[in-house]
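See structure below.
The values are calculated or read from the model by the stated rules, or taken from the named source; none is laboratory data. Note that this is a predicted model, so its numbers are computed, not measured. FYI the Cβ positions are ideal-geometry reconstructions off the backbone, even for glycines, and counts take in every protein chain you see.
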Amino acid sequence: MQLIEKYFPDLTDEQRKQFAALDGIYRDWNAKVNLISRKDIDHLYEHHVLHSLAIAKLVEFKPDAEIVDVGTGGGFPGIPLAILMPAVRFHLIDSMMKKIKVVQDVIEQLGLKNATAQQVRAEELKNARYDFVVTRAVAELNQLRLWTIPRLLKTKESHPIPNGLIALKGGNIREEVKSLPKGEYVETTPVSDFFEEEYFLEKFVVYLQG
């Protein structure tokens, strides 16, 4: 929790309680369903919660904005973002029911009124449009673009940056950017611009305009 408060000092008491509750909830679930490696669970706040919140350092979603978290897995980045931005609506999706059951339970235990979870693939979502798509470690950028940008983004824009895809990425991001069609507008920001911990040195927030 100290790590979260270091970068987000203006949390309400309710938000502090919700963030603090994540450790116990995920440890309980991790004993039943292998969501996070046993070694990594001890770094939950740095590797998963704070990493997710890098998106909030890139763009502050407006109240009533609608965000879809594609391939949410155990609820990242959607759950931490939903705690941080209670006025923003988050829809967390994943193709695996066992993961969605965990996410639904986390939402219920935290009392999050602004988050929902559904077992569905991005390409199967019907009649749904969002201001932004967020995602973490799901697929390469070009594949994510094909799954989401043509069909999941609203045409009406209300943020300082146009609606688009925001992906938390690691590895050889330059090659992924090169693989995008010519003319695509993309911005790559090192997470180390926001957080000083060594873990984030090879992590990036990538914005792909819709």
Given the condition under 23 Å from Ala65 (Cβ atoms) and touching a strand residue (DSSP E or B) at 6+ places or on another chain (Cβ under 9 Å), answer yes or no: does some residue in segment 170-181 qualify? no
Filtering segment 58-69 down to residues that are under 18 Å from Val205 (Cβ atoms) and in contact with an Asp or Glu (Cβ under 8 Å, 6 or more places away or on another chain) yields Phe61, Ala65, Ile67
Restricting segment 169-210 to residues that are among the hydroxyl-bearing types (Ser, Thr, Tyr) and in contact (Cβ under 8 Å) with a residue 24 or more places away in the chain, the one nearest to Val134 (Cα to Cα) turns out to be Tyr207
Only residues that are among the aliphatic types (A, V, I, L, M), crowded, with 23+ Cβ neighbours inside 10 Å and either in contact with a Ser or Thr (Cβ under 7 Å, 6 or more places away or on another chain) or within 20 Å of Asn163 (Cβ to Cβ) (or both): list them for segment 63-80, please. Ile67, Val68, Val70
Index of the failed condition, Leu201 passing every other in (1) surrounded by 19 or more Cβ atoms within 10 Å (Cβ to Cβ); (2) touching a Ser or Thr at 6+ places or on another chain (Cβ under 7 Å): (1)
Out of the residues in segment 25-62 that are assigned to a helix (DSSP H, G or I) and among the charged types (D, E, K, R), which is surrounded by the most Cβ atoms within 10 Å (Cβ to Cβ)? Glu46
Failed item in (1) closer than 25 Å to Glu176 by Cα; (2) modelled with pLDDT of 95 or more; (3) of a type outside the set (Ser, Thr, Tyr), with Ile100 passing the rest: (1)
Pairs, please: C-beta under 8 Å, at least 6 apart or cross-chain, first residue hydroxyl-bearing (Ser, Thr, Tyr) and in segment 123-148, second assigned to a loop (DSSP other than H, G, I, E, B)? Tyr130/Lys154; Tyr130/Asn163; Thr135/Gly71; Thr135/Pro77
I'm trying to understand the selection: among the residues of segment 152-171, which are closer than 19 Å to Glu140 by Cα and at pLDDT below 95? Gly170, Gly171
Filtered residues of segment 3-24 (kept if surrounded by fewer than 18 Cβ atoms within 10 Å (Cβ to Cβ), among the aliphatic types (A, V, I, L, M) and part of a helix (DSSP H, G or I)): Leu3, Ala20, Ala21
Report yes if Gln118 is without any contact (Cβ under 8 Å) to a residue 24 or more places away in the chain and either crowded, with 24+ Cβ neighbours inside 10 Å or of a type outside the set (Gly, Ala, Ser) (or both), otherwise no. no
Within segment 172-182, is there a residue that is within 21 Å of Val59 (Cα to Cα), of a type in the set (A, V, I, L, M, F, W, C) and modelled with pLDDT of 95 or more? no
